[in-house]
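Q: Here it is: the structure, laid out below.
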Amino acid sequence: MRLLESPDYQLLGYFWGKRQQHKCSWLQYADDALIIANSLSAAQGLVRLFEAWCEWAKMDIRLDKCLCFGATMRDGKFIQISPNINLKDKGMIPAVPLGGHFKYLGKIFDFPALNSEPKKEFESKLVKILAKISSLQVRSQTKLKIFSTYVPAQFNFELKIYKLTDAFLSGVIDRLCTRYIREWLEFPPSSCVTEWASSPTEYCGLGIPTFAQRAARMSLTRRHLLQVSKNSSIRDLWEDTKGPNVRVDSLLDNRDLNKASAILRESQAKESTDHFLGLQTQGIMAKTVVEAVLPRNIQLWKHAMDSLPQHIFNFARKAMQSQLPTLHNLKLWNRSPTGFCPRCGWEQTNKHVLSNCSFPDALARYTDRHNRILELIAKWIVPQLKSNYALYCDLSVPGARPVCDLFNGFRPDLAIVSPTKIVIGELTVCHETNLIKSRDYKLQKYANLDAAKSSEFSRHSVLVNTIEISTLGFVVAEPNFFKHGEIPVFDSLLMKELSRSAVTASKSIYDNR
Ligand SMILES: [Zn+2]
């Protein structure tokens, strides 16, 4: 085989590289050999050499496993041909039919190199997997989890070896995924799911990158590996293929891979969130939540939602994007003649159903939801109190005193009372879009609370703080409430319980609309 390295045999092979300094006539992988030649006679010569070598090594060439593939220039254009190459005693090596393809080391090659075959295989494999997930008797959250962890790993090979176009990945593959996610979450067909699903969880998204995004990340790694390869031919390959990779390569300019990956991820996340939060109807709630709620609390909310039964999880996800079939939406979707609330006559929007309906039954349910949440908080605070502190509460809770003892004419929800201070915690359960407004309203309402102290507490200073919990369970609590009340901040167990309690109550309110 030393012969192959001699200049005469090298000249039989294929030349590549900008300066054509690379010659390649032979690739060997285990017992698999690939001959590359620049003419039919050169190819036949190399085959003869291979036959001689196999004879010497007592190895048999299986004609049924051989194939040949060729192209030639005609009228200034490359076209595929059927080369005539034979094995001495066995006959012609079958040629890849014109327009056909062949597989080498798992990768499919075809003459137009448009990857049409790999694309077909990718799509049908994905359809099969998604249909299988759909048929599983598990909650939609679990389906999403399988989708985000198991599915991408099944396509690592394809994403790594084929350069699939963005048009294919976004237009076919991601669209297909979106169709299934929509089905699992029972979203209406019109809703915009791709950007929402790929937005990070701290922006109320699902944090599942699209295939187009994953492919871009992989191509970054691939370019990096070529660039820093120890093999100079590979580095030349990198140099020679810079043209179509300008964008990816620019990320790696003067940066290591980790830094470049972080920048890419960040820009992908930004692209998704900008689109999602910019949606006039579907993005408005997430937008205010992101402004008002701490990222940690949004993460806890996600965990709380994931732990709920499917019908409540789907409800919360749909409600977050104003995609519930309220009469307002049904009218928009041409599925109801009216958009008005049958109880009170106002436009029946998401916000109306969950927090604004003036019908007495609805009002009673809102109060009930508020009190259930208040009770959870009060019961949690009591054991956390310092020894000379007491909790006053507007509900009767073991260990808490009645709040009406503190003020004349005002009944805030919670007050932690020390020998010198009254630290108010006023709870509002409000719609997501009102998280900030509710706080301002309550602070204004209690601006003169100090003047209403009952005589027993006349020397106490009054500190007013608010706690807002949204109808779908996002928690915002003023840090000063904990600081001045000298209790620890809400722990994650309570936070998740509050989220679950709020959204479960809201689901029941919605069901009774
Ligand atoms: Zn109403």
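The values are calculated or read from the model by the stated rules, or taken from the named source; none is laboratory data. Computed from a predicted structure; not experimentally measured. All Cβ positions, glycine included, derive from the backbone under ideal geometry; neighbour counts span all protein chains shown.
Q: For region 132-144, which positions are loosely packed, with under 15 Cβ neighbours inside 10 Å and either more than 25 Å from F315 (Cβ to Cβ) or in contact (Cβ under 8 Å) with a residue 12 or more places away in the chain (or both)?
A: K132, S134, listed by residue number.
Q: Can you tell me which residue among D511, D491 is closer than 30 Å to R343 by Cβ, surrounded by fewer than 22 Cβ atoms within 10 Å (Cβ to Cβ) and acidic (D, E)?
A: On the way: D491 fails: closer than 30 Å to R343 by Cβ.
Checking each option against the conditions leaves just D511.
Q: Hey, among the residues in region 350-360 that are more than 10 Å from the ligand (Cβ to nearest atom) and of a type outside the set (K, R), which one's farthest from A319 (Cα to Cα)?
A: Residues of region 350-360 more than 10 Å from the ligand (Cβ to nearest atom): 350-351, 354-355, 360.
Adding the requirement that they be of a type outside the set (K, R) leaves 350, 354-355, 360.
Working: N350: 7, L354: 10, S355: 13, P360: 23 Å.
Top of the filtered list is P360.
Q: Working only within region 19-53, note down all residues that are of a type in the set (G, A, S) and surrounded by 12 or more Cβ atoms within 10 Å (Cβ to Cβ). Steps first, answer last, please.
A: Taking region 19-53 as the starting set, the residues that turn out to be of a type in the set (G, A, S) are 25, 30, 33, 37, 39, 41-43, 45, 52.
Of everything in region 19-53, those that are of a type in the set (G, A, S) and surrounded by 12 or more Cβ atoms within 10 Å (Cβ to Cβ) turn out to be S25, A33, A37, S39, A42, A43, G45, A52.
Q: Within region 303-337, restricting attention to residues that are polar (S, T, N, Q) and surrounded by 15 or more Cβ atoms within 10 Å (Cβ to Cβ), which residue is farthest from the ligand (Cβ to nearest atom)? Don't jump to the end; show me each part of the working.
A: Narrowing region 303-337 to residues polar (S, T, N, Q): 307, 310, 314, 321-323, 326, 329, 334, 336.
If we keep only those that are surrounded by 15 or more Cβ atoms within 10 Å (Cβ to Cβ) too, we end up with 310, 314, 321-323, 326, 329, 336.
On the way: Q310: 27, N314: 23, Q321: 21, S322: 17, Q323: 19, T326: 10, N329: 15, S336: 15 Å.
Selected residue: Q310.
Q: When region 399-416 is examined, which residues are found to be surrounded by fewer than 23 Cβ atoms within 10 Å (Cβ to Cβ) and in a strand (DSSP E or B)? Reasoning before the result, please.
A: Residues of region 399-416 surrounded by fewer than 23 Cβ atoms within 10 Å (Cβ to Cβ): 399-405, 407-411.
Within region 399-416, R401, P402, F407 qualify.
Q: How about region 436-490: which of its residues are modelled with pLDDT of 95 or more, over 22 Å from Q384 (Cβ atoms) and aromatic (F, W, Y)?
A: F474
Q: Being over 36 Å from the mean Cα position of the chain (by Cα) and closer than 30 Å to P419 by Cα narrows it down to one of L376, L395, so name that one.
A: Numbers: L376 fails: over 36 Å from the mean Cα position of the chain (by Cα).
Testing whether each residue is over 36 Å from the mean Cα position of the chain (by Cα) and closer than 30 Å to P419 by Cα leaves just L395.
Q: Between a residue in region 48-76 that is free of Cβ contacts under 8 Å to residues at least 60 places away in the same chain and any residue that is exposed (fewer than 12 other Cβ atoms within 10 Å of the Cβ) and part of a helix (DSSP H, G or I), which pairs come within a Cβ distance under 8 Å, given they are 6 or more apart or on different chains?
A: L49/L3
Q: Those residues that are in a loop (DSSP other than H, G, I, E, B), near the ligand (Cβ under 9 Å from one of its atoms) and in contact with an Asp or Glu (Cβ under 8 Å, 6 or more places away or on another chain), I need them from region 338-349; list them, please.
A: Taking region 338-349 first, the residues in a loop (DSSP other than H, G, I, E, B) are 338-339, 341-346, 348-349.
Next cut, near the ligand (Cβ under 9 Å from one of its atoms) only: 341-346, 348.
Selection gives C341, R343.
Q: Only one residue in I108, I61 is among the β-branched types (V, I, T), more than 24 Å from D240 (Cβ to Cβ) and not assigned by TED's automatic domain parsing to the domain that holds F157. Which one?
A: On the way: I108 fails: more than 24 Å from D240 (Cβ to Cβ).
Checking each option against the conditions leaves just I61.
Q: Looking at region 173-277, what helices (runs of 4 or more DSSP H) fall wholly within it and have at least 3 residues that are of a type in the set (D, E) and farther than 30 Å from Q323 by Cα?
A: Details: elements: 175-185, 194-198, 211-227, 232-240, 246-252, 257-277.
By residue number, 232-240.
Q: Report, ordered by the first and then the second residue, all pairs with beta carbons closer than 7 Å, sequence separation of six or more or different chains, a first member in region 447-460 that is not assigned by TED's automatic domain parsing to the domain that holds C404 and of a type outside the set (D, E, K, R), and a second member that is surrounded by 13 or more Cβ atoms within 10 Å (Cβ to Cβ) and at pLDDT 90 or above.
A: none
Q: Which members of region 351-372 meet the condition of being surrounded by 14 or more Cβ atoms within 10 Å (Cβ to Cβ) and out of contact with any helix residue (DSSP H, G or I) (no Cβ under 6 Å at 6 or more places or on another chain)?
A: Of everything in region 351-372, those that are surrounded by 14 or more Cβ atoms within 10 Å (Cβ to Cβ) and out of contact with any helix residue (DSSP H, G or I) (no Cβ under 6 Å at 6 or more places or on another chain) turn out to be K351, H352, S355, N356, C357, F359, A362, Y366, H370, N371.
Q: Please determine, by comparing only the residues of region 364-375 that are within 18 Å of E468 (Cα to Cα) and without any contact (Cβ under 8 Å) to a residue 40 or more places away in the chain, which one is farthest from the ligand (Cβ to nearest atom). Steps first, answer last, please.
A: Here is the first cut: in region 364-375, the ones within 18 Å of E468 (Cα to Cα) are 365-375.
Filter once more, keeping what is without any contact (Cβ under 8 Å) to a residue 40 or more places away in the chain: 367, 371, 375.
Working: T367: 16, N371: 21, E375: 26 Å.
Here the answer is E375.
Q: So, one more: Of the numbered conditions (1) at pLDDT 95 or above; (2) over 35 Å from the mean Cα position of the chain (by Cα), C344 fails exactly one; give the number of that condition.
A: Only one criterion is unmet by C344, namely (1).
Q: In region 121-132, is there at least one residue being more than 30 Å from K287 (Cβ to Cβ) and among the aromatic types (F, W, Y)?
A: Checked against the condition, which is being more than 30 Å from K287 (Cβ to Cβ) and among the aromatic types (F, W, Y), region 121-132 yields at least one hit.
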